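So the structure is just underneath, and the comments pick up after that.
The values are calculated or read from the model by the stated rules, or taken from the named source; none is laboratory data. Keep in mind that this is a model prediction, so the values were computed, not measured. Cβ atoms come from the backbone with ideal geometry, glycine included; neighbour counts cover every protein chain shown. When the accessible area is computed, the model is the full protein with side chains, heavy atoms only, and any ligands, DNA or RNA have been set aside. Shrake-Rupley method; radii C 1.70, N 1.55, O 1.52, S 1.80 Å.
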Amino acid sequence: MVSFGAQVEFALPHIKIRDLNKYYDVQGRQVHALKNIQLDIPKGKIFGIIGKSGAGKSSLIRTLNGLESISSGSIHIHEQNLAELNHQDLIGLRQRIGMIFQHFNLMSAKTVWGNVALPLKIAGVAHEQIKARVDEALSLVGLSDKAEHYPSQLSGGQKQRVGIARALVHHPEILLCDEATSALDPESTSVVLGLLKEINQKLGLTIVLITHEMQVIREICDEVVVIDGGEIVEAGQVWRVFSRPQQAITQELLSLEQLDLPFALHSSPYQDDTHRILKLRYEASSQQAPDLTQIFAAFSQPVQLLQSHIDHIQGHLIGAMLIAVEGTHININQLKQQLQPHVAAVEELGYARPTY
């Protein structure tokens, strides 16, 4: 097992999933919840899985520690095939995988110390080791002074930190987080995410985090997959997925397509439309902000800036500008060539007569 402070190697995928399918029987019919999932989760990284409710992300994470059986395919955790493990080996594997839940799952009649100690007591760990491990875990999450408090005396963020401490007492190699921040307020969410990042850096744990919130992915994840209808539809480094979302569901989760324009947008020139509406996406290292002078110099027609946003993610600047270009006849292919390398992509949104 990995103990606190251990150094880990990052070369091999910690979790390897191949051709994974999961079916449920629902009122006499089969529901295909996970469809041919292919996934490598790197060791020592924070890996995000995002999707809407019902997309299959909870089913996926629950297969990783054997809480859900798989219908076909394979899951290898550090080269161990879950399907080939006997009951005793599966129990041993689960002790190497910590789990954090959305609603904390704390025992109301036990103190903070008692809640964190419970998994070790069930596993039959010696009392001296239990005390050392619980004290260590509570110190790591900043709750040593709350050891004798009960869950009812804690805030939501503190309860989740107790859940994190409980997940760490077995010195796991992997930490699974199932919507770990969705029940928290923004301030508590920030504290918990900061703690998870600190744990990842200090202990070298592989963290798999599922969520429906892109802000959570943006805050701490190294890589992300987007799941929709039980299928992985997009994957990559967080900054790449955010800068060039390929699928409609990813764009929706990023809220990139929620245009708030004070005028009508048409798919083809309509009556008195005078402008072409374009979205310019850009990406660069944090030291190379986009040069707006060079971008707008590519246009021979007047340009209006309608909207703009920029993010700093993983050492990169990514963003988009919504512009209105005067005239409805524009050679888009020529424009794309002229805008390189300052603009990563040019998207045509439609035609309009911008009025304010």
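Okay, residues lined up against (1) of a type in the set (Phe, Trp, Tyr); (2) under 14 Å from the mean Cα position of the chain (by Cα); (3) closer than 28 Å to Gln80 by Cα:
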residue: Gln129; (1), (2), (3): no, no, yes
residue: Glu136; (1), (2), (3): no, no, no
residue: Gly157; (1), (2), (3): no, no, no
residue: Val169; (1), (2), (3): no, no, yes
residue: Lys197; (1), (2), (3): no, yes, yes
residue: Ile207; (1), (2), (3): no, yes, yes
residue: Glu223; (1), (2), (3): no, yes, yes
residue: Ala235; (1), (2), (3): no, yes, yes
Quiz item: What are the residues in the range 139-161 that are under 15 Å from Glu198 (Cβ atoms) and not charged (D, E, K, R), if any?
Solution: Ser139, Leu140, Val141, Gly142, Leu143, Gly157, Gln160
Quiz item: Among the residues of the range 39-70, how many are over 20 Å from the mean Cα position of the chain (by Cα) and at pLDDT 90 or above?
Solution: 1
Quiz item: Could you count how many residues in the range 299-319 are surrounded by fewer than 18 Cβ atoms within 10 Å (Cβ to Cβ) and either among the hydroxyl-bearing types (Ser, Thr, Tyr) or farther than 22 Å from Asp260 by Cβ (or both)?
Solution: 8
Self-check item: Qualifying residue in the range 239-256 (condition: acidic (Asp, Glu) and either over 30 Å from Ala33 (Cβ atoms) or open to solvent by less than 50 Å² (accessible area, probe 1.4 Å) (or both))
Solution: no
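Conditions (1) in contact with a Phe, Trp or Tyr (Cβ under 7 Å, 6 or more places away or on another chain); (2) of a type in the set (D, E, K, R), marked per residue:
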residue	(1), (2)
Ala297	no, no
His312	no, no
Ile332	no, no
Val343	yes, no
Arg353	yes, yes
Practice problem: Can you tell me which residue among Ser286, Ser308 is of a type in the set (Ser, Thr, Tyr), within 25 Å of Leu254 (Cβ to Cβ) and free of Cβ contacts under 8 Å to residues at least 24 places away in the same chain? | Solution: Ser308
Quiz prompt | Thr355 vs. criteria without any contact (Cβ under 8 Å) to a residue 60 or more places away in the chain, more than 27 Å from Asp222 (Cβ to Cβ) and of a type in the set (Val, Ile, Thr) | solution = no
Quiz item: Can you pull out the residues in the range 22-38 that are basic (Lys, Arg) and either surrounded by fewer than 21 Cβ atoms within 10 Å (Cβ to Cβ) or within 20 Å of the chain's Cα centre (by Cα) (or both)?
Solution: Arg29, Lys35
Exercise. Test each condition in (1) over 23 Å from Cys221 (Cα atoms); (2) of a type in the set (S, T, N, Q); (3) open to solvent by less than 80 Å² (accessible area, probe 1.4 Å) for Thr293 and report the one that comes out false.
Key: (3)
Practice problem: Please find, within the range 278-290, the residue that is least open to solvent (accessible area, probe 1.4 Å) out of those that are among the aliphatic types (A, V, I, L, M) and modelled with pLDDT under 85. | Solution: Ala284
Quiz prompt | Asp260 being open to solvent by 50 Å² or more (accessible area, probe 1.4 Å) and either touching a helix residue (DSSP H, G or I) at 6+ places or on another chain (Cβ under 7 Å) or at pLDDT below 85 (or both) | solution = yes
Quiz item: Can you pull out the residues in the range 46-57 that are surrounded by fewer than 19 Cβ atoms within 10 Å (Cβ to Cβ) and touching a residue at least 12 places away in the same chain (Cβ under 8 Å)?
Solution: Lys52, Ser53
Self-check item: Pair list, Cβ under 6 Å, 6 or more apart: the range 71-92 residue modelled with pLDDT of 90 or more, other residue open to solvent by 50 Å² or more (accessible area, probe 1.4 Å)
Solution: Ser71/Tyr23; Gly73/Arg18; Gly73/Asp19; Ser74/Arg18; His76/Lys16
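Table: residues versus (1) open to solvent by less than 10 Å² (accessible area, probe 1.4 Å); (2) touching a Lys or Arg at 6+ places or on another chain (Cβ under 8 Å); (3) assigned to a loop (DSSP other than H, G, I, E, B); (4) at pLDDT below 85.
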position	(1), (2), (3), (4)
Leu322	yes, yes, no, no
Ile330	no, yes, yes, yes
Asn333	no, no, no, no
Gln338	no, no, no, no
Leu349	no, yes, no, no
Tyr356	no, no, yes, yes
